[in-house]
Protein chains: 2
Amino acid sequence: MSFEAAVHAKAIQLDRTCLEMCANAGSGHPTTAMSLGHITTVLLYNTMRWLPDHPGYPSSDRLVLSEGHAVPIIYAAMADLGGAVGKGSERRPLTSDDLQHFRENDSYLDGHPNPMEGFPFFDAATGSLGQGLSVAAGLAIAARRDGISKRIYCLIGDGEAREGQITEALDLIIDYKLSSVLPIFNCNHYGQADQVSEQQSPERIAKRLEALGFDVTVIDGHDPDAIRTALTTHAEMADGGGDTPMAVVAKTVKGWGAPSVQGGGWHGKPPAGERLDQALEELNATGVSLTSALSSDEQLRIYPPVEFEPATTPEGETPSLAAAMEQWDMGLLLKSGKLATRKAFGIGLRVLGHSSERVFALDADVRNSTFTEWFAQDKDLADRFVECKIGEQNMVSAAAGLSAAGKIPFCASFGKFITRAYDQIEMAINSGANIKVVGSHCGISLAADGPSQMALPDVAWFRSFTTMRDHYGNPGCYLLQPADAYAAYGLTLAMAEHHGACYMRTARPDVEFIYDENTVFNLGKFEVLTEGRDLLIVTAGYMVHECNKALDALDRAGIDASLVDLYSIPFDADALLDLANQNGGNVLVIEDNYGGGLGSAVADAAVESGDAFTIEQLYVKRIPKSARDEEAILKQCGLHHSDIARAAAGMLGVVSV
Amino acid sequence: MSFEAAVHAKAIQLDRTCLEMCANAGSGHPTTAMSLGHITTVLLYNTMRWLPDHPGYPSSDRLVLSEGHAVPIIYAAMADLGGAVGKGSERRPLTSDDLQHFRENDSYLDGHPNPMEGFPFFDAATGSLGQGLSVAAGLAIAARRDGISKRIYCLIGDGEAREGQITEALDLIIDYKLSSVLPIFNCNHYGQADQVSEQQSPERIAKRLEALGFDVTVIDGHDPDAIRTALTTHAEMADGGGDTPMAVVAKTVKGWGAPSVQGGGWHGKPPAGERLDQALEELNATGVSLTSALSSDEQLRIYPPVEFEPATTPEGETPSLAAAMEQWDMGLLLKSGKLATRKAFGIGLRVLGHSSERVFALDADVRNSTFTEWFAQDKDLADRFVECKIGEQNMVSAAAGLSAAGKIPFCASFGKFITRAYDQIEMAINSGANIKVVGSHCGISLAADGPSQMALPDVAWFRSFTTMRDHYGNPGCYLLQPADAYAAYGLTLAMAEHHGACYMRTARPDVEFIYDENTVFNLGKFEVLTEGRDLLIVTAGYMVHECNKALDALDRAGIDASLVDLYSIPFDADALLDLANQNGGNVLVIEDNYGGGLGSAVADAAVESGDAFTIEQLYVKRIPKSARDEEAILKQCGLHHSDIARAAAGMLGVVSV
């Protein structure tokens, strides 16, 4: 039996399984899966070097299914091969019985690729479209760094190719000559609601790819020999170190082999009953005409990856902030007595780069603002810096790819622009990614540049993830707001220690030191800066400085206030409420962002306790505009230290401060 | 004096102003502005048909400055022309004295384009990059609909062109043959941190645009005649109804005319003191060599737009849900007693389309899931439906453009995918846009598809905007969660009545009716479904049904609970707390999303009152996975009605229910 017939036979077998699996689940996308039957077969049963019983083996070739809804085709193949499934270290072979439980609560086979739920074949959760190619790029960057000759295949839908992030990822692949990545565009002509635009026709996609600098091959995605030839050409080029990335545009049929389920009406609607029987019969007939022999797998064999022993990279000691700055001729800067949190982050990141080979830094053309530049410009670290240019979505998903390969990626941009990648951050959290996101110029202290550059609802959004648990049982995210350079430095190191997602807000202005070398910063903790008895002021980040000034005025008015730097969410709620009780239950929370952040976190804790507290919140309650400097914008938004002192005094019935 | 010399003289005059304005402000991006000196001059003083004293005149040509940091060049020109500035109806000419206050608190001249702060020349706030071309596309769609022959120019930075959203917008422009839009790429070779990638070189950008289907002209962006020729070619094509969109790639110099501030070190760093003097001298010298005559404006004149009287489009009456369904042969569906909120939204949207010519619908390839399809398939409405395909960022910014042209755009996709456009939504809010965002399949009731399709932190994010005020003094956003079809229908109509941003969450499952034709739904209100005295359960959306079931169990256990459908945030907090007090201060809040949402909103209100409440929150506290159906996933996440009843009973010390 020829290779061609064997691939047809296997693809038809897998396609049948997809139809049955989805019919049984009552949902899913069998026709999309069927458009990938042949490509998946050639990849998994012929081209890829991998181990079904160890799908995450470090030197294995990888497959990223960007169009996650096509996942039944992978499940079908893995069941056929007895590929390993299971959470954590509990692994067993996938069976055809498992397929009966597709999309069920106790199944490893989630509706879309979901590695953390027990399907380690995948490196990242996909299903929110347009993200997989960036993940593939991150995997390729990690492999290059590790000296592994690994190919990374990425299957992208034609409709999905409309997502701008795909173009951002293609640009990164060209910039970094990531020829080990092979983007394969599955042009089956149909999106969900309708046919794809002519802009996403195979001809147009091919032209676009060529204009971007790719070496493009257009194939019939159901022609086994054409698929094999394209994949072999890529493999030889990539393995040989070629530096012109290739892309494949595959013309396919949604619902291939079963005419009755082709066309536009079958997206996400598996045929059942008679319609299912008809589709299965059609597939059989297609099989008879194409294979014209008994099916045999003899032409299909899986090649294993080369054996690989990951280098053990001992983690080094980290110096103190002062020692690090002395070492890098920044002693004078330290002695100036003021340093922006974004700069201290840059120093911490550079220290981490030297202490661990796993640490990577990514930026989106603002490294001289976020201070990842101090990592990028260090010649020992430069090859672990990824300049993503102005494409934040791609940056975050590429970081998720780096994390999947065992790296610790720090992504930085203005906090405002990080918003572009919120969907990608959520998918990274769903993927169990060890990703650190650092947003600079957060809050209103940026002043003159105005609201288009300020992160304002970011605290509310990231706090939402602090309220739930990730797959490791940790908070879905830690939200960190350092008030000074020591805090920013300490929290940068603490983020690297923690396996999981973190978001740290840094601010533009140089600010005075509040802490010193001896202060220890831990995720989940807070710091009591002043202990009083009349009123507890809770704040974080830049606003700690403003609150400190307010304390002076309150002191002059005879008010003995406490001040807490709540630099982490989540935090030790019991300890905070104890402090509140020691202050008559009066709490004033101060934030330089829109509501739903720190103040709501304190309110949530307070009401759960059932005790009576009076909690007032000052935060940004208007859309800010430009102002000359910090003082002017704090006044504009009612957050000047005089406003804080007035609010605090008002809570205690004191009229003037 | 030739046209060429006049443009050089004017551009140099404006460039000087930019340098001085930014030096005085101590911040800003003069060198980016200078790269646009000539193009701006030819546009504003020659090509565009507009009225400086009435910048928003409806038939005027428009300029969208996507690279918002270049804004000083526009301010310089407007001051030169005495263009109108001022908030609302208070308008006065901009003066050169105003330029001294660039970026100050009381100035109309914000750091980046900010129409709502008194600069009506712009249609949208920009500065977060990559969004302007989508806004331009929205303006063009509105103009076509209104029968206005209006050209829309969009200035895009080369570094900015990396943002995937630019490609999404280019695709939409080709799909809809929006030849009135002229994208002009300002290729000055420098981003912020470094030179742009070769992927964003003028040659590569030109190739990409050609591959997308544009008719591309590459020019020297400082050659007055070349600029005029390109703009005239476009104007003749667009005014003549040509249907092949054009694009201009302009090779420019960052800091043109002043060699000492060119190159990579001057992004966002205005020269001051001697460096400023040197740059100004260089500009003078450049002027002498290029104009070789006294400057004169005689070659530059501004052409006015055609007079235009907007059609008065009377708003029609809206029928009841039942009447609408009868009218469209959906009577049987109504009689079934169950209807998904997403479907009722689709009916409401269709009703709105018939009652107001201003209503537009936009979708991102999921119209058959969000049910904007009932609008799209109505032949009377189809030309107000915009199929954006899978590009949510572009969809939202295009909607902002439609709003700027007086339309009422409704954007829909899965709530999860709406996350892609959060930055765009915030910029729309900053722009004062009258935008309605509808996220479908929100929360966990989607079940089988898994977490990649579920909106979970969305309530926390949108709630953040409900805590502050927009430029009209209204909440920055209304967050709406209808529990049944009547609520979804009523709130859809209520959104259209309100001028401002709204986000409505709809859910997948068909659900029973809770309300009837007589229930009135108002933004900012809530509905008391059951009045008890032991405990107040507060919930919204899909979870109202689950809480209703829990009430039965509680009733059997002798617990007399109250139930509130808090369908709007913000809401009447005093009225809600009164109810809580009538229920012993015991409140249980139930949500099908991550924390920081409804429960925190209730907690914020409670603690501000200073009264003692005990508030517990049940929400999604893990990353969900696929489950077969609603019941299975509610159990998985601890939100089944039995969990709710148990939690409620537990608050009252009752062990078993």
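The values are calculated or read from the model by the stated rules, or taken from the named source; none is laboratory data. Predicted model, so just to flag it, every value in this text is computed and none were measured. No Cβ is skipped: glycine too gets one built from the backbone with ideal geometry, and neighbour counts run over all protein chains shown. Side chains included, ligands, DNA and RNA excluded: accessible areas come from the protein's heavy atoms. Shrake-Rupley method; radii C 1.70, N 1.55, O 1.52, S 1.80 Å.
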Specify the residue that is nearest to A:Trp461 (Cα to Cα); the eligible residues are those in segment A:582-610 that are at the interface with chain B (Cβ under 7 Å from one of its Cβ atoms) and open to solvent by 10 Å² or more (accessible area, probe 1.4 Å).
A:Asp604
What is the one condition in (1) out of contact with any His (no Cβ under 7 Å at 6 or more places or on another chain); (2) within 14 Å of chain B (Cβ to nearest Cβ) that A:Gln195 does not satisfy?
(1)
Every listed condition ((1) assigned to a helix (DSSP H, G or I); (2) at pLDDT below 95) holds for A:Glu315 save (1)
Check segment B:456-473 and report whether any residue there is open to solvent by 20 Å² or more (accessible area, probe 1.4 Å), in contact with a Cys (Cβ under 6 Å, 6 or more places away or on another chain) and more than 15 Å from B:Ser440 (Cβ to Cβ).
no
Kindly check whether there is at least one residue in segment A:235-244 that is within 14 Å of chain B (Cβ to nearest Cβ) and of a type outside the set (Gly, Ala, Ser).
yes
Taking the options B:Asp215, B:Asp239, B:Asp225, name whichever one is open to solvent by 10 Å² or more (accessible area, probe 1.4 Å) and within 22 Å of B:Ala5 (Cα to Cα).
B:Asp225
Identify all residues within segment B:140-149 that are surrounded by fewer than 24 Cβ atoms within 10 Å (Cβ to Cβ) and either within 11 Å of another protein chain (Cβ to nearest Cβ) or within 19 Å of B:Thr47 (Cα to Cα) (or both); write none if there are none.
B:Ala143, B:Ile148, B:Ser149
Let me spell it out: the conditions are (1) buried (at least 24 other Cβ atoms within 10 Å of the Cβ); (2) free of Cβ contacts under 8 Å to residues at least 24 places away in the same chain, and A:Ala137 meets all of them except one. Which number is the exception?
(2)
Assuming A:Val511 fulfils every condition listed in (1) more than 30 Å from A:Arg469 (Cβ to Cβ); (2) under 25 Å from the mean Cα position of the chain (by Cα) apart from one, which condition is it?
(2)
Could you check segment B:137-152 and list, in sequence order, the residues that are in contact with a Gly (Cβ under 9 Å, 6 or more places away or on another chain) and not in a helix (DSSP H, G or I)?
B:Ser149, B:Ile152
Taking segment B:617-637 on its own, how many of its residues are surrounded by fewer than 19 Cβ atoms within 10 Å (Cβ to Cβ), at the interface with chain A (Cβ under 9 Å from one of its Cβ atoms) and without any contact (Cβ under 8 Å) to a residue 60 or more places away in the chain?
3
Within segment A:396-407, is there a residue that is within 12 Å of chain B (Cβ to nearest Cβ), more than 18 Å from A:Arg505 (Cβ to Cβ) and either open to solvent by 10 Å² or more (accessible area, probe 1.4 Å) or in a helix (DSSP H, G or I) (or both)?
yes
Would you be able to tell me the number of residues in segment B:124-134 that are in a helix (DSSP H, G or I) and open to solvent by 10 Å² or more (accessible area, probe 1.4 Å)?
0
Since B:His640 meets every condition but one in (1) facing chain A (nearest Cβ under 8 Å); (2) under 28 Å from B:Gly584 (Cα atoms), which condition does it not meet?
(1)
Using beta carbons and a limit of 7 Å, which pairs, at least six apart or on different chains, have the first residue in segment A:343-369 and under 26 Å from B:Gln195 (Cβ atoms) and within 14 Å of another protein chain (Cβ to nearest Cβ) and the second one open to solvent by less than 10 Å² (accessible area, probe 1.4 Å) and aliphatic (A, V, I, L, M)?
A:Ala361/A:Leu349; A:Leu362/A:Val386; A:Leu362/A:Met395; A:Leu362/A:Ala398; A:Leu362/A:Ala399; A:Asp363/A:Ala412; A:Ala364/A:Met395
Which residue is surrounded by the fewest Cβ atoms within 10 Å (Cβ to Cβ), if the candidates are limited to segment B:28-51 and must be farther than 17 Å from B:Gly127 by Cβ and in contact with a Pro (Cβ under 7 Å, 6 or more places away or on another chain)?
B:Leu51
Could you check A:Phe121 against (1) open to solvent by 10 Å² or more (accessible area, probe 1.4 Å); (2) at pLDDT 95 or above; (3) part of a loop (DSSP other than H, G, I, E, B) and say which number it fails?
(1)
Among (1) within 13 Å of another protein chain (Cβ to nearest Cβ); (2) surrounded by 22 or more Cβ atoms within 10 Å (Cβ to Cβ), B:Val564 falls short only on (1)
Just the residues that are open to solvent by 10 Å² or more (accessible area, probe 1.4 Å) and of a type in the set (A, V, I, L, M, F, W, C), please, taken from segment B:367-384.
B:Phe371, B:Trp374, B:Ala376, B:Ala382
In segment A:52-99, residue most open to solvent (accessible area, probe 1.4 Å) [restricted to those that are within 13 Å of chain B (Cβ to nearest Cβ) and assigned to a loop (DSSP other than H, G, I, E, B)]:
A:Lys87
Test set (1) open to solvent by 60 Å² or more (accessible area, probe 1.4 Å); (2) more than 28 Å from A:Val366 (Cα to Cα); (3) assigned to a loop (DSSP other than H, G, I, E, B) - B:Val288 fails condition number:
(3)
List the helices (runs of 4 or more DSSP H) that sit entirely inside segment B:464-583 and contain at least 3 residues that are farther than 30 Å from B:Tyr422 by Cβ and not aliphatic (A, V, I, L, M).
B:543-556, B:573-582
For segment A:7-26, state whether one or more residues are within 13 Å of chain B (Cβ to nearest Cβ), modelled with pLDDT of 95 or more, part of a loop (DSSP other than H, G, I, E, B) and surrounded by fewer than 21 Cβ atoms within 10 Å (Cβ to Cβ).
yes
Across (1) more than 24 Å from B:Tyr176 (Cβ to Cβ); (2) assigned to a helix (DSSP H, G or I); (3) touching a residue at least 24 places away in the same chain (Cβ under 8 Å), A:Thr229 clears everything bar (3)
Which residues, counting only those in segment A:377-394, are within 16 Å of B:Val196 (Cα to Cα) and away from chain B (no Cβ under 11 Å)?
A:Val386
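Suppose we filter A:Phe121, A:Phe102 for residues that are over 30 Å from A:Arg208 (Cα atoms) and either more than 14 Å from every other protein chain (Cβ to nearest Cβ) or among the polar types (S, T, N, Q) (or both); which single one remains? Even if it seems obvious, please write down each step before you answer.
On the way: A:Phe102 fails: either more than 14 Å from every other protein chain (Cβ to nearest Cβ) or among the polar types (S, T, N, Q) (or both).
Just a single option satisfies the conditions, and that option is A:Phe121.
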Scanning for something at the interface with another protein chain (Cβ under 9 Å from one of its Cβ atoms) and surrounded by 24 or more Cβ atoms within 10 Å (Cβ to Cβ), does segment A:431-443 turn up at least one residue?
no
Could you list, in sequence order, the residues of segment B:36-69 that are over 21 Å from the mean Cα position of the chain (by Cα) and small (Gly, Ala, Ser)?
B:Gly37, B:Ser59, B:Ser60
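If the requirement is being assigned to a loop (DSSP other than H, G, I, E, B), within 11 Å of chain B (Cβ to nearest Cβ) and buried (at least 24 other Cβ atoms within 10 Å of the Cβ), which of these qualifies: A:Asp110, A:Asp171?
Within the list A:Asp110, A:Asp171, the selection yields A:Asp110.
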